[in-house]
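First comes the structure, then the notes that go with it.
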Amino acid sequence: TGFAPRKIMNLTSRDVICLSVNKTENNLWITGSKALVLPETFGPDLEFGLFVCLMFSLCYGILRSQFKEAKSKAWILTAISSFICSTAGIYYTAKFFMFNCASCFLISEDHGSSRLFVVYFMSYLIMDLIIGTLEYRKHLQMLSGWIHHFGYIAIMYWLLQKKIGTAFCVLFPLEIPTFILALGQLDKSFRKDLLFGTTFFLTRLVYHAFMLGYYLLFLRETVYLFLLSI
């Protein structure tokens, strides 16, 4: 009929609590202890990541009925992710060229929403593997799927630890040809080989080479050369 707490723990949103329940004839006792304390920035990242995963699940659940073949379903999440990344990439690229000190912009610690986009991209990779295993396993290739995704998940985690998400977001224009390719896979009427080839040349080759040259000239630290090599 009543509850009398014996001791109140000082908790934060980063604490993971282990609860135990003990029941006697007349009482119900709930005790807790700290099992794990998350890193300072891990809590908000995890919350946003779970939200993105939920959104990807909902979007896929809504759109999957529009496509009969598993091959087409395998491109749903890629189309969504590459569209958002391409849009964000245009924004960050414009900021990069307009910033008074471009180098300062690149090495700024998680400038603006860049950290959120790193978490977003990591969440996409995770959901593509999970949903792919359930829905289009045979189209989830070892090299372009499992190895590629796990490799990038590790890189995204490393970027979060180093707090240099902006340097990664500037490379999002490389996703433009991926979005065009994904549209063509979802609907053959949207297949534009010339547009794909043109954007691939301008982003994956020209823009990528330009950024690599910029990093070599102004940001010679190994960390950035590694980032541009992916």
Exercise. So how exposed is Glu47, as accessible area in Å² (1.4 Å probe, rounded to 10)?
Worked result: 120 Å²
Exercise. In what sequence, largest accessible area first, do Leu125, Leu58 appear using a 1.4 Å probe?
Worked result: Leu58, Leu125
Problem set entry | Accessible surface of Leu216 - all protein chains present, 1.4 Å probe, nearest 10 Å² | 90 Å²
Exercise. What accessible surface, in Å², does a 1.4 Å probe find on Ile147, ignoring ligands, DNA and RNA and rounding to the nearest 10?
Worked result: 100 Å²
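How long is the gain from Ser113 to Thr87 if the chain were fully straight, where each residue apart is worth 0.36 nm and the alpha carbon distance is subtracted?
Values: separation 26, 0.36 × 26 = 9.36 nm, distance 1.33 nm.
Value of the extension gain: 8.0 nm.
Quick check: residue separation of Leu205 and Ile153 times 0.36 nm, minus the Cα distance between them. What number comes out in nm?
Values: separation 52, 0.36 × 52 = 18.72 nm, distance 2.36 nm.
Residue separation times 0.36 nm, minus the Cα-Cα distance, leaves 16.4 nm.
Could you sort Lys95, Lys188 by their accessible area in this structure, using a 1.4 Å probe and putting the largest first? Numbers along the way, then the final one.
Details: Lys95 60, Lys188 130 Å².
Result, largest first: Lys188, Lys95.
Sort Tyr207, Tyr92 by accessible area with a 1.4 Å probe, largest first. Could you put the intermediate results ahead of the total?
Values: Tyr207 30, Tyr92 5 Å².
Putting Tyr207, Tyr92 in descending order of accessible area: Tyr207, Tyr92.
The values are calculated or read from the model by the stated rules, or taken from the named source; none is laboratory data. Remember, it's a predicted structure, so these values are computed and weren't measured experimentally. Heads up: the accessible areas ignore ligands, DNA and RNA and are worked out on the full protein's heavy atoms, side chains in. Shrake-Rupley method; radii C 1.70, N 1.55, O 1.52, S 1.80 Å.
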